[in-house]
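Student: Here it is, the structure in full.
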Amino acid sequence: MARLTRLYTRRGDGGWTRLADGQRLPKTALRIQALGDLDELNAALGLVLAFAPHHPSGALLRRIQHRLFDLGAELALPGHHVLGTQQVLDLERAIDELNAPLPPLEEFLLPGGPPAAAQAQLARAVARRAERSLWRLAQEEPVEPHALAYLNRLSDLLFVLARTLARETEPDEPTWSPTP
């Protein structure tokens with residue numbers, strides 16, 4: 001069964017959109033902002049995959065993309081909860097596995113490196129913005145705590161992934177040099 005038979009409806013032309021439960025919201029609403037930030041984050045993960053199509057982390061990133069759609073479903077249908085403790089623990093386990101072979105950090109790292117690593121850093125920054133958007137929403141409406149924790153861990157995972165990707169081609173990570 002096709003979900004979309006037509007890509008445009010013209011209903012959003014006036015600055016309003018509908019949630020999955022039929023509720024109309026202005027496109028400037030905090031919930032819609034959070035949904036947009038999740039969409040951008042998912043697209044940023046797609047770019048990481050495009051820059052490193054055969055990297056072992058590919059399956060993990062695809063699973064995360066699915067979880068971001070789950071989180072979007074939670075936001076589009078208030079009161080609906082999909083993410084829970086297990087999804088947060090899955091990210092923590094992946095962070096630990098990716099981080100284990102990396103040397104300890106002694107300085108702040110500059111974002112960059114090879115394209116896949118730079119894109120992972122950008123995705124990390126987008127994940128942080130999405131988390132801030134969700135926290136703004138949580139100040140006004142109930143938001144599932146696991147959703148907030150998931151985005152927090154995801155930004156950590158993307159940082160570790162960026163380090164992993166960078167060190168595969170540039171073992172010396174560029175560090176911040178503060179102005180004296």
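Student: Within the bounds of the range 92-105, is there any residue that is within 16 Å of the chain's Cα centre (by Cα), within 28 Å of I32 (Cβ to Cβ) and of a type in the set (D, E)?
Tutor: For the range 92-105, residues within 16 Å of the chain's Cα centre (by Cα), within 28 Å of I32 (Cβ to Cβ) and of a type in the set (D, E): absent.
Student: Still on this structure, I have one more. If you take the residues in the range 127-142 that are of a type outside the set (D, E) and surrounded by fewer than 20 Cβ atoms within 10 Å (Cβ to Cβ), which one is nearest to P78 (Cα to Cα)?
Tutor: Applying the filter and picking the extreme gives P142.
Student: Ok, one more. If I ask for residues that are at pLDDT 95 or above, among the aliphatic types (A, V, I, L, M) and over 17 Å from D156 (Cα atoms), which ones from the range 31-78 would you list?
Tutor: The answer is A34, L35, A43, L47, L49, A50, A59, L71.
Student: To continue, here is another question. Among (1) farther than 19 Å from L61 by Cα; (2) touching a Ser or Thr at 6+ places or on another chain (Cβ under 7 Å); (3) not charged (D, E, K, R), there is one condition L134 misses while meeting the rest; what is its number?
Tutor: Here L134 clears every test but (2).
Student: A further question follows. Within the range 159-171, does at least one residue satisfy the condition of being assigned to a strand (DSSP E or B), touching a residue at least 40 places away in the same chain (Cβ under 8 Å) and β-branched (V, I, T)? Lay out the reasoning, then the answer.
Tutor: So the first thing to find is which residues in the range 159-171 are assigned to a strand (DSSP E or B), and the list is none.
No - not one qualifying residue is present in the range 159-171.
Condition check ((1) without any contact (Cβ under 8 Å) to a residue 12 or more places away in the chain; (2) within 19 Å of R132 (Cα to Cα); (3) of a type in the set (V, I, T)) across all residues:
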| residue | (1), (2), (3) |
| --- | --- |
| G15 | no, no, no |
| R24 | yes, no, no |
| T28 | no, yes, yes |
| A34 | no, yes, no |
| D37 | no, yes, no |
| P53 | yes, no, no |
| H66 | yes, no, no |
| A73 | no, yes, no |
| L77 | no, no, no |
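Student: Out of the residues in the range 56-104 meeting the condition of being among the acidic types (D, E) and surrounded by 15 or more Cβ atoms within 10 Å (Cβ to Cβ), tell me which one is farthest from R18 (Cα to Cα).
Tutor: Of everything passing the filter in the range 56-104, D90 is farthest from R18 (Cα to Cα).
Student: Now, a different point. Just to be sure before I move on: is L47 farther than 22 Å from A147 by Cα and loosely packed, with under 14 Cβ neighbours inside 10 Å in the structure I sent?
Tutor: Taking the combined requirement at face value, the residue does not satisfy it.
Student: For the range 16-33, what are the residues that are hydrophobic (A, V, I, L, M, F, W, C) and surrounded by 14 or more Cβ atoms within 10 Å (Cβ to Cβ)?
Tutor: Restricting attention to the range 16-33, the residues satisfying the condition of being hydrophobic (A, V, I, L, M, F, W, C) are 16, 19-20, 25, 29-30, 32.
Those that are hydrophobic (A, V, I, L, M, F, W, C) and surrounded by 14 or more Cβ atoms within 10 Å (Cβ to Cβ): W16, L19, L25, A29, L30, I32.
Student: Taking A120 as the residue in question, decide whether it is over 18 Å from A76 (Cα atoms), touching a Leu at 6+ places or on another chain (Cβ under 9 Å), modelled with pLDDT of 95 or more and crowded, with 17+ Cβ neighbours inside 10 Å.
Tutor: The answer is yes for A120.
Student: Applying the selection to the range 129-152, what residues are of a type in the set (A, V, I, L, M) and part of a helix (DSSP H, G or I)? First the steps, then the outcome.
Tutor: Just the residues of the range 129-152 that are of a type in the set (A, V, I, L, M), to begin with: 130, 134, 137-138, 143, 147-149, 151.
A130, L134, L137, A138, A147, L148, A149, L151 - these are the residues of the range 129-152 that are of a type in the set (A, V, I, L, M) and part of a helix (DSSP H, G or I).
Student: Considering every residue within the range 91-99, establish whether at least one is of a type outside the set (A, V, I, L, M), within 24 Å of P142 (Cα to Cα), at pLDDT 85 or above and in contact with a helix residue (DSSP H, G or I) (Cβ under 8 Å, 6 or more places away or on another chain).
Tutor: So far as the range 91-99 goes, no, none of its residues is of a type outside the set (A, V, I, L, M), within 24 Å of P142 (Cα to Cα), at pLDDT 85 or above and in contact with a helix residue (DSSP H, G or I) (Cβ under 8 Å, 6 or more places away or on another chain).
The values are calculated or read from the model by the stated rules, or taken from the named source; none is laboratory data. All values reported here derive from a predicted model rather than from experimental measurement. Note that we place each Cβ from the backbone using ideal geometry, even for glycine, and neighbour counts take in every protein chain shown.
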